[in-house]
1. Would you mind calculating the gained length between Asn198 and Ala13 on full extension (0.36 nm times residue separation, minus the Cα-Cα distance), in nm to one decimal?
2. What net charge do the residues around Ala176 carry, taking every other residue with its C-beta under 11 Å from that of Ala176, with Lys and Arg at +1 and Asp and Glu at -1?
3. Taking Cα atoms of region 23-83, Rg/Rh with Kirkwood Rh, to two decimals?
4. For a quick check: sort Lys23, Lys167 by the number of other beta carbons within 10 angstrom, fewest at the front.
5. Using θ = phi - 60° and the Karplus relation 6.51 cos²θ - 1.76 cosθ + 1.60, list the HN-Hα couplings for region 200-217 in order, rounded to whole Hz, with x at every Gly or Pro.
6. For region 184-224 and region 152-172, write down the distance between their C-alpha centroids in whole Å.
7. Working out 0.36 nm times the residue gap between Glu151 and Ala109, then minus their Cα-Cα distance, what length gain in nm do you get to one decimal?
8. Give me a comma-separated list of calculated 3J(HN,Hα) values for region 62-78, in order, Karplus coefficients 6.51, -1.76, 1.60 applied at θ = phi - 60°, integers in Hz, x for any Gly or Pro.
Amino acid sequence: MLIAAIGAAAGAAGLAAWAVRGKSSQLLAPAVWRGPRDAAGFALTFDDGPSESTPRLLNILARHNARATFFVCGANVRRLPSVAREIVAAGHEIACHGDVHPYYHFRGAAFLRRDIGGGMDAIQTATGITPRWFRPPYGIRWFGMRPVLRELHLELAMWTVIGRDWKLPASEIAAAIRPELRPGAIVCLHDGRILTANPNIDNTLDATRQILEVAPPAFTLSRLFVSPWE
Ligand SMILES: [Zn+2]
């Protein structure tokens, strides 16, 4: 109903689609999509892990002294709790990407609460950490998300640039990201492929190597932003 009203008011369905999926949309829940331009580096973020391939990524990050924020799926954390703990032990930030990576549009608030809360529970059980950040699966925000995030004290983070690393070759991923590597940028890549076990993330690993060879320092999201809850 509301989305129809938004669409009608704009005279176009385009605005409604932007409200749900646009990286800078604040309509359905407040979100960050870039950090301060005077930051000392950029934020590197990885979604859809942990996967069996995540330890290889951790080695690459360690070699470049880079830190990242990992938006993990609860179901993947339950499959690989020790990899979730490895992420934390290596000095990276762990964040919530929901539980089973569903589409959130046309779902009720109870569905959102169950998926986001399920992801939080899995992370807390495996690592003892209560994440600060949330990124919705497919970047989709929906009605009812705002009160759930408020209840769980979660901040919503989108991205400045997304690598489309689930389908592009490494050279194209790196070429798309490099021009966006300004201070405060938030880069989104993937160390898993939704809930697939043993995913092939070679393109992501190669692209990460290429990016870190030329990039300014890579930080966690929390290095870029001071928490409003502190
Ligand atoms: Zn995802």
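1. Working: separation 185, 0.36 × 185 = 66.60 nm, distance 3.86 nm.
The Asn198-Ala13 span can extend by a further 62.7 nm.
2. Once positives and negatives cancel, what remains is -1.
3. On the way: Rg = 14.5 Å, Rh = 13.8 Å.
Value, to two decimals: 1.06.
4. Working: Lys23 17, Lys167 9.
Neighbour counts put them in this order, fewest first: Lys167, Lys23.
5. So the J values, rounded to whole Hz, are 8, 10, 4, 4, 5, 5, 5, 5, 4, 4, 5, 5, 6, 5, 10, 8, x, x.
6. Using only Cα atoms, the two centres lie 8 Å from each other.
7. Working: separation 42, 0.36 × 42 = 15.12 nm, distance 1.22 nm.
Here the segment from Glu151 to Ala109 would lengthen by 13.9 nm.
8. Those phi angles translate into 5, 4, 9, 6, 9, 10, 9, 10, 10, 8, 9, 8, x, 4, 5, 5, 5 Hz.
Taken together, the values in this text are just the output of simple stated rules run on the coordinates, not laboratory data. All values reported here derive from a predicted model rather than from experimental measurement. Cβ atoms come from the backbone with ideal geometry, glycine included; neighbour counts cover every protein chain shown.
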